[in-house]
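The structure under discussion appears below in the form of structure tokens.
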Amino acid sequence: MRPGIAELDRVVGLLKDEVGETAYRSWLQSLRLERIDGGEAIVAVPTRFLRNWVATHYADRLLALWRGENPAVVRLSLIVDPQVVASAREEVPVAEPGGPAEPGGPPDIAEDKGQLSAPLDPRFTFENFIVGKPNELAHAAARRVAEACVGPDRVVPFNPLFLYGGVGLGKTHLMHAIAWHMRLRAPARKVIYLSAEKFMYQFIRALRFKSTMDFKDAFRSVDLLMIDDVQFISGKESTQEEFFHTFNALVDQNRQIVISADKSPSDLEGLEERMRSRLGWGLVADIHPTTYELRLGILQSKAEQKGLRLPQKVMEFLAHKIVSNVRELEGALNRITAQSQLIGRDITLESAQELLHDLLRANERRVTIDEIQRKVAEHFNIKMAEMTSTRRARVVARPRQVAMYLAKQLTPRSLPEIGRKFGGRDHTTVMHAVKKIEELIATDRSLAEDVELLRRMVQS
Ligand code: ADP
Ligand code: MG
């Protein structure tokens, strides 16, 4: 057996421990190693839907775990190969029209419409959602919608509610929370929750089986329609067309619609103009990248849920180091839980560091201050030399501050060390820059997006 195959098996095994049996069987079981080419691991999946799903939900984690197994692997690519399904140990649920959505998974949300709605994650409730600055607007809006959906008279506070933000920041969690709220308090009302990919798939299937009338009826008779990750229907004209009509029909009947995407309606590419403007009609709420405080809050609550007693120091350490997204943070906590249960000993800062070395390394190993400076200079179109120059004009000072902020966030360097890298500046200058950018991220959307984009570029 080629070594890469065993690596993939181990990596998927580790991820399975983190995400659980159901998610493993739905999404990860059919992954097959195509080849390892230079530093790139190329993994095949049987369908496009699966590829997109794995790419958005698991790719970062897979790569991080892989690097732990084999540091030579620096990139992960997912390709579609329909042959894969034939060799998979079990049928991939999404590849089978009309089949059970997720064998052994949580119950289907609209049982009567079995295959239309995707299963809800029982952990994704409002009770389990930690509110902080970066997500307070999105959370408040989701709550309002949830309350209105179970109210006696059909008040639709904003239509649609459009939630957007980067990967792993809680969009899906909030949507499921709305659905749970409604399901528990107004079980007679109908909810459909679907990814945009699945919406498209259902639609294409309806076309193929000439059941478009049923399709239309099913979608147009719901009280609440939620479509997750609509960026996936960019460029898919006929799907957009159908979606647009469904959307309008529901709005006309005063039914609630909730949409999520990784970008705001105006930044979504490949979207028809009328669709774009429709999406921006209601309330557009963005979820910002997590702050240290929010990460700490989430860790505390999740540890509590698991009945895990972690020293404050360990939590603070994790909240500092794992900045990418909440999913990774949870992954770290799951590993720590598994470990402490296994060895029956308390977790210390040292053991946490050791246990999570690959994750921590993946979060920081590749990122150097030089790299950050180069990417930031490139992005803002200024000379690299301005990073160390004494010029104070806003056009160069702001990018420099962004670079300092990212250096603090993404590298383990201390403030004085960072200051030295920026032309021998004082550590208080760096501290000021970090504070300034933190403030601006909360108030200046376009800067927040620049920073998020740069963070991703530097980390990828
Ligand atoms: P997205 O859909 O934005 O990519 P998810 O909703 O899937 O992100 O969230 C990723 C993981 O992080 C989920 O397990 C979710 O429960 C958790 N999570 C995200 N934000 C929060 C939060 N504010 N409080 C608690 N858990 C959160
Ligand atoms: Mg999501």
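The values are calculated or read from the model by the stated rules, or taken from the named source; none is laboratory data. None of these values were measured; they are calculated from a predicted model. FYI the Cβ positions are ideal-geometry reconstructions off the backbone, even for glycines, and counts take in every protein chain you see. Only protein heavy atoms, including side chains, enter the accessible area calculation; ligands, DNA and RNA are left aside. Shrake-Rupley method; radii C 1.70, N 1.55, O 1.52, S 1.80 Å.
Those residues that are within 20 Å of residue 326 (Cβ to Cβ) and of a type in the set (Ser, Thr, Tyr), I need them from region 256-295; list them, please. Outline the logic, then answer.
Initial filter on region 256-295 (within 20 Å of residue 326 (Cβ to Cβ)): 258, 260-263, 285-295.
Scanning region 256-295 gives 260, 290, 291, 292.
I'm told residue 175 meets every condition in (1) within 16 Å of ligand 2 (Cβ to nearest atom); (2) open to solvent by 20 Å² or more (accessible area, probe 1.4 Å) except one. Can you identify the failing condition by its number?
If we test residue 175 against (1) within 16 Å of ligand 2 (Cβ to nearest atom); (2) open to solvent by 20 Å² or more (accessible area, probe 1.4 Å), just (2) comes out false.
When region 274-297 is examined, which residues are found to be among the hydrophobic types (A, V, I, L, M, F, W, C) and outside any loop (DSSP other than H, G, I, E, B)?
Result: 275, 279, 283, 284, 285, 287, 294, 296.
Find the helices (runs of 4 or more DSSP H) located wholly in region 162-264 whose residues include 3 or more that are within 26 Å of the chain's Cα centre (by Cα) and within 20 Å of residue 139 (Cα to Cα), and list them.
171-185
Any residue that is away from ligand 2 (no atom under 13 Å from the Cβ), over 19 Å from residue 119 (Cβ atoms) and of a type outside the set (D, E, K, R) - is there at least one of those in region 214-231?
yes
Can you find even one residue in region 384-393 that is open to solvent by less than 70 Å² (accessible area, probe 1.4 Å), within 29 Å of the chain's Cα centre (by Cα) and away from ligand 2 (no atom under 16 Å from the Cβ)?
No, that holds for no residue.
Would you check which residues across region 1-37 are closer than 15 Å to residue 59 by Cα and not in a helix (DSSP H, G or I) and list them?
Hits for region 1-37 are 29, 30, 31, 32, 33.
Among (1) at pLDDT 90 or above; (2) surrounded by 15 or more Cβ atoms within 10 Å (Cβ to Cβ), which single condition is residue 359 missing?
Every listed condition holds for residue 359 apart from (1).
So, of the residues in region 1-18 that are in contact (Cβ under 8 Å) with a residue 40 or more places away in the chain, open to solvent by 20 Å² or more (accessible area, probe 1.4 Å) and under 19 Å from residue 168 (Cβ atoms), which turns out to be nearest to the chain's Cα centre (by Cα)?
Across region 1-18, the extreme among qualifying residues is 18.
Every residue, every condition in (1) under 21 Å from residue 52 (Cβ atoms); (2) surrounded by 15 or more Cβ atoms within 10 Å (Cβ to Cβ); (3) away from ligand 1 (no atom under 12 Å from the Cβ); (4) in contact (Cβ under 8 Å) with a residue 40 or more places away in the chain, yes or no:
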site: 228; (1), (2), (3), (4): yes, yes, no, yes
site: 241; (1), (2), (3), (4): yes, no, yes, no
site: 245; (1), (2), (3), (4): no, no, yes, no
site: 254; (1), (2), (3), (4): no, no, yes, yes
site: 258; (1), (2), (3), (4): yes, yes, yes, yes
site: 275; (1), (2), (3), (4): yes, yes, yes, no
site: 281; (1), (2), (3), (4): no, yes, yes, yes
site: 291; (1), (2), (3), (4): no, yes, no, yes
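Only one of 438, 452 is in a helix (DSSP H, G or I), open to solvent by less than 40 Å² (accessible area, probe 1.4 Å), of a type outside the set (A, V, I, L, M) and in contact (Cβ under 8 Å) with a residue 12 or more places away in the chain. Can you tell me which?
When all the criteria are applied, what remains is 452.
Going by the structure shown, is residue 269 part of a loop (DSSP other than H, G, I, E, B), more than 16 Å from ligand 2 (Cβ to nearest atom) and charged (D, E, K, R)?
So residue 269 passes the test.
Please determine whether any residue of region 196-219 is at negative phi and at pLDDT 90 or above.
Within region 196-219 (the criterion being at negative phi and at pLDDT 90 or above), the answer is yes, since at least one residue qualifies.
Six or more apart or on different chains, Cβ under 9 Å: which pairs go from a residue in region 386-407 that's in a loop (DSSP other than H, G, I, E, B) to one that's of a type in the set (Phe, Trp, Tyr)? Could you list them?
388/422
Could you check how many residues of region 28-57 are within 16 Å of ligand 1 (Cβ to nearest atom), farther than 9 Å from residue 78 by Cβ and small (Gly, Ala, Ser)?
0
Take region 298-316 and flag every residue that is surrounded by fewer than 17 Cβ atoms within 10 Å (Cβ to Cβ) and in a helix (DSSP H, G or I).
300, 301, 304, 305, 312, 313, 316
Tally the residues that are among the polar types (S, T, N, Q) and assigned to a loop (DSSP other than H, G, I, E, B), restricting the search to region 354-385.
Count: 2.
Out of (1) open to solvent by 20 Å² or more (accessible area, probe 1.4 Å); (2) over 19 Å from residue 351 (Cβ atoms); (3) in a loop (DSSP other than H, G, I, E, B); (4) modelled with pLDDT under 90, what's the single condition that is false for residue 323?
(1)
Filter region 294-311 for residues that are without any contact (Cβ under 8 Å) to a residue 12 or more places away in the chain and either small (Gly, Ala, Ser) or in contact with a Pro (Cβ under 6 Å, 6 or more places away or on another chain) (or both) and give the result.
The answer is 307, and nothing else.
A quick yes/no check of all residues on (1) at pLDDT 85 or above; (2) under 24 Å from residue 357 (Cβ atoms); (3) open to solvent by less than 60 Å² (accessible area, probe 1.4 Å):
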position: 24; (1), (2), (3): no, yes, yes
position: 43; (1), (2), (3): yes, yes, yes
position: 65; (1), (2), (3): yes, yes, yes
position: 76; (1), (2), (3): yes, yes, yes
position: 83; (1), (2), (3): no, no, no
position: 92; (1), (2), (3): no, no, yes
position: 101; (1), (2), (3): no, no, yes
position: 105; (1), (2), (3): no, no, yes
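Quick one: in region 409-422, of everything that is open to solvent by 50 Å² or more (accessible area, probe 1.4 Å) and part of a loop (DSSP other than H, G, I, E, B), which residue is modelled with the highest pLDDT?
413
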